[in-house]
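Take a look at the structure set out below.
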Amino acid sequence: MPIYTRTGDQGETGLFGNRRVPKDHLRIEAYGTIDELNSVVGVVAAETLPSEVGTHLATIQSDLFEIGADLATEGGRASLLRIVPAIADMERWIDASEGELPPLRTFVLPGGCRAAALLHVARTVARRAERHFWTLVFEHDGPAEQKPPAEIGTYLNRLSDLFFSWARLANLRSGVADVPWVRRGE
């Protein structure tokens, strides 16, 4: 069976359930950005990272795959079984990371060691995925049971916070300072 179907050659794609929508539909933008985020997480996972971070990234990738499937399915809610407890897990991981880090005294720029820089890329893609998700929710005009669950937005918000904290942790453990933001001319 070939990987190509030719069904999207005219600018439409199918959601799970067989409804056809334009490829620039808000739902496609939302789950496409989740897919992009999952790919970025895969790049991050290829780096040398603190051991607990690498383990957690594999879990996050599975969560993102399920979230993407739910967003590709009108009324999809299967990911809630995973992501609701995952939000609490991420909060614990953030707390553990932050407990090791010195307090922030300034804004930091994306950068430092390579792993930290890539975690910052993941953070920004997570933020974009969150924005697209909320646009989909706020613009939803179909049946209420097909509205994406708000918990996905909470998950994405917490995930970007986690990536920020892990970026700082990667810098700390590699002996590289965070890059402080300094106003031009100061």
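Using the Stokes-Einstein relation with a Kirkwood hydrodynamic radius computed over Cα pairs, the translational diffusion coefficient of the chain at 4 °C and a viscosity of 1.567 mPa s comes to 73 µm²/s.
Using the 1.4 Å probe convention, the accessible area of the chain works out to 55 Å² per residue with neighbouring protein chains retained.
Reducing the range 109-165 and the range 15-81 to their Cα centroids gives an inter-centroid distance of 10 Å.
A Förster radius of 45 Å, combined with the Cβ-Cβ distance separating Thr59 from Glu186, puts the computed FRET efficiency at roughly 0.60. Remark: relative contact order (the range 95-185) = 50 percent; criterion is Cα-Cα distance under 8 angstrom and separation of 6 or more residues. Structure remark: mean-square fluctuation, Gaussian network model of the chain, C-alpha springs under 10 Å; the largest value among Phe133, Phe16, Phe65 belongs to Phe16. Shape verdict for the range 91-142, please, from the Cα gyration tensor: rounded (a/c under 1.5), prolate (a/b greater than b/c) or oblate. The shape class here is prolate. Specify whether the C-alpha gyration tensor of the range 97-186 places it in the rounded, prolate or oblate class, a ≥ b ≥ c being the square roots of the eigenvalues: rounded for a/c under 1.5, otherwise prolate if a/b is larger than b/c and oblate if not. Verdict is prolate for the range 97-186. Normalised by the number of residues in the range 1-94, the mean separation of alpha-carbon contacts (under 8 Å, six or more apart) gives a relative contact order of 27 percent.
Of Leu81, Leu49, the residue with the largest accessible area leads and the full order is Leu81, Leu49 (1.4 Å probe).
Choose one answer from Leu57, Leu156, Leu119: the residue with the largest mean-square fluctuation in a GNM of the chain with alpha-carbon springs under 10 Å. Looking only at Leu57, Leu156, Leu119, the largest GNM fluctuation is found for Leu57.
The values are calculated or read from the model by the stated rules, or taken from the named source; none is laboratory data. Everything quoted here is computed from the prediction, not taken from an experiment. All Cβ positions, even for glycine, are placed from backbone atoms using ideal geometry, and neighbour counts span all protein chains on display. All accessible areas refer to the heavy atoms of the entire protein, side chains included, with ligands and DNA or RNA removed. Shrake-Rupley method; radii C 1.70, N 1.55, O 1.52, S 1.80 Å.
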